[in-house]
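Below is one structure, written out as structure tokens; comments come after it.
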Amino acid sequence: MIFEPQFETMPREKLDALQLERLQRIVAYLRERVPLYRERLDGIPEIRSLEDLRSFPFTRKADLRDTYPFGLFAVPRQECVRLHASSGTTGKPIVVAYTRDDVDLFARVNARVLAMAGGEPGMVLHNAYGYGLFTGGLGLHYGGERLGMTVVPVSGGMTERQLGLIEDLCPDVITCTPSYALTLAQAFAERGVTPDEISLRFACVGAEPWTESMRAEIDAGLGIRATNIYGLSEIIGPGVSNECVEARKGSHVNEDHFLPEIVDPESGEPLPDGEQGVLVFTTLTKQALPLLRYWTGDITSLDREPCACGRTLARMALIAGRTDDMLIVRGVNVYPTQVEAMLLQVPELTPHYRLVVTREGTLDEVEVEVEVSESYSDAAAGGLESDTRRPLEDRVEKLIRETIGTSMRVTLLAPGDGPRSEGGKLARVDDRRRLA
Ligand code: ADP
Ligand code: ZN
């Protein structure tokens, strides 16, 4: 089902006109209310077309940090009914705020994304995103209630209890990180529960980068159709975009509220649809913390072709990485997701991996630590002690060298020794260069 068809299936020209009208309104609002924007937009002419936005400067995470905690708010703090803070995976936390209307918007866009993912009124939602300062838990909670679902606010962690609740309450939809979906799938398998015995049918997984090969593992492991949910605290939290379960070809951006652009990571120049670059958002309707041209640092591309599901909203591809988790290894740009895609092509390996980056002199060295499958470990008598180990490591090293174009050392780990999500986001890169 489509939660708000009047907006989600709006013809392109009408959507463009709505975006322009809202953009003009929000720019005037920010000039009037936020000193940083008043100064930065000084001398920049009024917006007459959507293209005029390109003459505006970007807003960056540093702007939120420099004005921490309340400096970019466009309303008095007393009008904010809620604050959240980003999890700070990339530095000092930032605080974001919501007026009563913003909280209502937050619920509506999350009701939309749950419906995109296959959710319907009357279904049970097992929400395993963290509750608290992180926007994930509460965002999807309010969205589920708004859609008319029965929400189970499990939050992250305590995997055994999650399994029991899923068995007892028979949820149709689960929301969690992709790495945690795998943790749950594996825990079910260890209990001897097969995917067709699990009630779950749909999932919104996101909040961290993942790949098509990981999707295949999640779908098979839980017996579901998983869709990608994307969002960030600065823009609203979850609810920015989600794939439709019909096509699963890019996440529909709630464009009537969050205007997306793709720009060149170096020059900041706009890039055409289909080309990969940095995703930039302008919020069109938020009150407490509207942002103009916010530089997400996330790398993706946009597609505005009509979709099988009937929505006209543009679609963004799976996130290829984040400019700040991009590793430059001997001159080659590498995202952890590229390595992940390679590892998952090798049947002896699992998606439990970590990249350890060190620097010897001026050269960056990357070690890929990856867990082998149970069946490999059982079949190779003696497991990792056997003489099949080095040939397998060599094979993976060669695959990485030939597809990614840079060499990394591969170390196999025994089943269970790799990194696991305990419910939240999983750090894929252990960068020891900063310590040196
Ligand atoms: P933090 O930067 O502290 O992690 P958030 O919790 O707001 O702050 O996380 C937002 C970021 O999480 C996004 O900018 C993006 O890098 C990542 N993210 C969210 N959803 C996805 C997704 N579906 N795929 C890849 N990355 C995602
Ligand atoms: Zn669609």
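Nothing in this text is a laboratory measurement; each read-out follows from the coordinates by a stated rule. None of these values were measured; they are calculated from a predicted model. In this analysis, Cβ positions are derived from the backbone assuming ideal geometry, glycine residues included, and neighbour counts consider all displayed protein chains.
Give the relative contact order (percent, whole number) for the chain; include only Cα pairs under 8 Å separated by 6+ residues.
14 percent
Rounded, prolate or oblate, given the Cα gyration tensor of the range 214-358, with a/c below 1.5 counting as rounded?
oblate
Kindly provide the helix-only [θ] at 222 nm of the chain, computed as the sum of -39,500 (n - 2.57) over DSSP H runs of four or more divided by all residues, to the nearest 500 deg cm²/dmol?
Calculated at 222 nm, the ellipticity per residue is -9500 deg cm²/dmol.
Just to check I understand the Karplus step: with θ = phi - 60° and J = 6.51 cos²θ - 1.76 cosθ + 1.60, what whole-Hz values come out for the range 196-207, glycine and proline as x?
6, 8, 8, 5, 4, 10, 9, 8, 9, 10, x, 6
Sorted by mean Cβ packing within 10 Å, highest first, what order do the peptides 400-407, 387-394, 233-240, 309-316 take?
Those peptides, ordered most packed to least, come out 233-240, 309-316, 400-407, 387-394.
Placing +1 at every Lys and Arg Cβ and -1 at every Asp and Glu Cβ, with all other atoms neutral, what dipole size does the chain have around its Cα centre, in debye to the nearest 20? Walk me through the intermediate numbers first.
Details: 48 positive and 66 negative charges, 251 e Å.
In debye, rounded to 20, the chain gives about 1200.
If you build the Cα gyration tensor of the range 227-266 and take the root of 5 times each eigenvalue, what three semi-axes come out, in whole angstrom, biggest first?
18, 14, 10
How large is ³J(HN,Hα) for each residue in the range 110-116, as worked out from phi by the Karplus curve 6.51 cos²θ - 1.76 cosθ + 1.60 (θ = phi - 60°), to whole Hz, x for Gly and Pro?
Running phi through 6.51 cos²θ - 1.76 cosθ + 1.60 with θ = phi - 60° gives 7, 5, 4, 5, 5, 5, 4 Hz.
Within the range 336-353, list the residues whose amide N lies under 17 Å from a label point set 7 Å along Cα→Cβ of Asp378.
Flagged as within label range: 347-350.
Through the Karplus equation 6.51 cos²θ - 1.76 cosθ + 1.60, θ set to phi - 60°, convert the phi angles of the range 395-403 into ³J(HN,Hα) values in whole Hz; use x for Gly and Pro.
Once rounded to whole Hz, the list reads 4, 5, 4, 5, 4, 5, 4, 7, 9.
So, by mean Cβ neighbours within 10 angstrom, what's the order for 50-61, 279-290, 297-308 with the highest one leading? Intermediate results must be reported in sequence, preceding the final value.
Working: 50-61: 15.5, 279-290: 23.5, 297-308: 17.0.
In decreasing order of mean packing, 50-61, 279-290, 297-308 become 279-290, 297-308, 50-61.
How many angstrom lie between the Cα centre of the range 173-195 and the Cα centre of the range 20-41?
Distance between centres, Cα-based: 45 Å.
Given that compact globular proteins tend to follow 2.2 N^0.38 Å, what is the ratio of the alpha-carbon Rg of the chain to that value?
Working: Rg = 22.2 Å, N = 436, 2.2 N^0.38 = 22.2 Å.
Computed over Cα atoms of the chain, the ratio equals 1.00.
In what order do Tyr37, Tyr68, Tyr335 fall by count of nearby beta-carbon atoms within 10 Å, going from fewest to most?
Taking fewest neighbouring Cβ atoms as first place, the list is Tyr68, Tyr335, Tyr37.
Would you compute the Debye intensity of the range 12-108 from its alpha-carbon atoms alone, equal scatterers and no solvent, and pass along log10 I(q)/I(0) at q = 0.11, 0.24, 0.26 Å⁻¹ to two decimals?
Here the Debye-derived log intensity ratios amount to -0.41, -1.30, -1.31.
Report the gain in length on full extension from Arg82 to Glu39: 0.36 nm times residue separation, minus Cα-Cα distance, nm rounded to one decimal. Intermediate values should be presented prior to the final figure.
Details: separation 43, 0.36 × 43 = 15.48 nm, distance 2.74 nm.
Working it through step by step, the gained length comes to 12.7 nm.
If you wrap a convex hull around the C-alpha atoms of the range 97-322 and split its volume per residue, what is the figure in Å³?
Convex hull of Cα atoms, per residue: 111 Å³.
Take a quick pass over the chain and tell me how many lysine pairs come in under 25 angstrom between Cα atoms, counting only ones 8 or more apart or on separate chains. Present the calculation step by step, with values, prior to reporting the outcome.
Details: Lys14/Lys249; Lys14/Lys286; Lys61/Lys92; Lys61/Lys286; Lys61/Lys425; Lys92/Lys286; Lys92/Lys425; Lys249/Lys425.
Taking the chain as the scope, the lysine pair count is 8.
Place a point 7 Å from Cα of Thr406 in the direction of its Cβ. Which residues in the range 316-330 have their backbone N less than 20 Å from it?
319-330
Please compute the contact order of the range 327-431 in relative form: average sequence separation of alpha-carbon pairs under 8 Å and at least six residues apart, divided by the residue count, as a percent.
Relative CO of the range 327-431 lands at 33 percent.
By counting other Cβ atoms within 10 Å of each Cβ, how are Thr411, Thr211, Thr99 ranked from fewest to most?
Thr411, Thr99, Thr211
Out of every Cα pair in the range 327-431, what percent are spaced more than 18 Å from each other?
Numbers: 2552 of 5460 pairs.
Above the 18 Å cut-off, the range 327-431 has 47 percent of its Cα pairs.
Restricting the count to DSSP beta bridges whose residues both fall in the chain, what percent are antiparallel, rounded to a multiple of 5?
In the chain, approximately 60 percent of DSSP beta bridges are antiparallel ones.
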